[in-house]
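Have a look at the structure below before the remarks.
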Amino acid sequence: MLDDAASRRDLIKAVAQEVIDHAEELTALDQAIGDGDHGVNMKRGAEAVLADIDNLAEKTLPEGLKAIGMALVMKVGGASGPLYGTFFMTLGKSLPEEPAPADTVAAFEAAFQAVMARGKSHPGQKTMLDVLAPALECLQADPSASAALCTKVAEAAEATIPMLAEKGRASFLGERSIGHMDPGARSSALIITTVCKTLGAAGK
Ligand code: ADP
Ligand code: MG
């Protein structure tokens, strides 16, 4: 899986482009319950990654993921930059160069735990963790069930709509945070779905 630079490049490009294509939607979600910068933040990170794509794709999978994580910490900013940065850096630290499915599940779990530690947060608080947690459960049940994972993360992002925000800027709104999808949950779902679809289409 992802053992050549061309397939790593295709994946990086697909994910970054998906984030850029959805920047306005992510901003609109953040306008409803935050400060309206999530799309701009994520787009800035994705553009920085695209600007360095050849170098990133040449690296081994773990080193490339670590470099992407560092780029996101530096470029995305806000609350989500350090959290996404932590997620990708931990994936890079945890994955071997040629991961078996069980390695991917273990690395995803380590990355999820690292985001919780960094955010001092847990699932149920209307954040990206409400997509990452069910994604992890789905992977643990069957690491190869990519269609099920896509459905699960889409549903999980929708399921943040009735939740009360307890972390980040949205928590300042209290009850008024109810009725809107969490922007970070939506961006996490977009990223996970694009990874699944790109790897699935490439038969990886
Ligand atoms: P900011 O809130 O600083 O403007 P962004 O708008 O880029 O940053 O990101 C907001 C998203 O970050 C939220 O929708 C939520 O998913 C996520 N988030 C914020 N704080 C936390 C936290 N403590 N733990 C997990 N996720 C968080
Ligand atoms: Mg924001």
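The values are calculated or read from the model by the stated rules, or taken from the named source; none is laboratory data. Here the structure is a predicted model, which is why all the values come from computation and not from measurement. So basically every Cβ, Gly included, is an ideal-geometry build from the backbone, and we count neighbours across all protein chains shown. Quick note on the areas: whole protein, heavy atoms, side chains included, nothing else; ligands and nucleic acids left out. Shrake-Rupley method; radii C 1.70, N 1.55, O 1.52, S 1.80 Å.
Points worth noting:
- All of LEU56, LEU95, LEU72, LEU65 fail the test of being under 14 Å from PHE112 (Cα atoms) and out of contact with any strand residue (DSSP E or B) (no Cβ under 9 Å at 6 or more places or on another chain), apart from LEU95.
- Among the residues of the range 73-83, the one identified as within 15 Å of THR127 (Cα to Cα) and without any contact (Cβ under 8 Å) to a residue 40 or more places away in the chain is PRO82.
- Scanning the range 167-176 for residues that are farther than 16 Å from HIS38 by Cα, open to solvent by less than 100 Å² (accessible area, probe 1.4 Å) and within 16 Å of ligand 2 (Cβ to nearest atom) turns up just one, LEU173.
- Matching entry among ALA106, ALA79 (being open to solvent by 20 Å² or more (accessible area, probe 1.4 Å), modelled with pLDDT of 95 or more and over 22 Å from GLU137 (Cβ atoms)): ALA79
- PRO101, sole failed condition from (1) at pLDDT 95 or above; (2) surrounded by fewer than 18 Cβ atoms within 10 Å (Cβ to Cβ): (1)
- Yes/no for LYS120 being modelled with pLDDT of 95 or more and touching a helix residue (DSSP H, G or I) at 6+ places or on another chain (Cβ under 8 Å): no
- Filtered residues of the range 118-152 (kept if in contact (Cβ under 8 Å) with a residue 24 or more places away in the chain, more than 10 Å from ligand 1 (Cβ to nearest atom) and within 24 Å of LYS93 (Cα to Cα)): ALA135, LEU136, LEU139, GLN140, PRO143, SER144, SER146, LEU149
- Taking helices (runs of 4 or more DSSP H) as the structural unit, those lying wholly within the range 1-56 and holding at least 1 residues that are open to solvent by 40 Å² or more (accessible area, probe 1.4 Å) and more than 30 Å from ALA170 (Cβ to Cβ) correspond to 5-21, 38-51.
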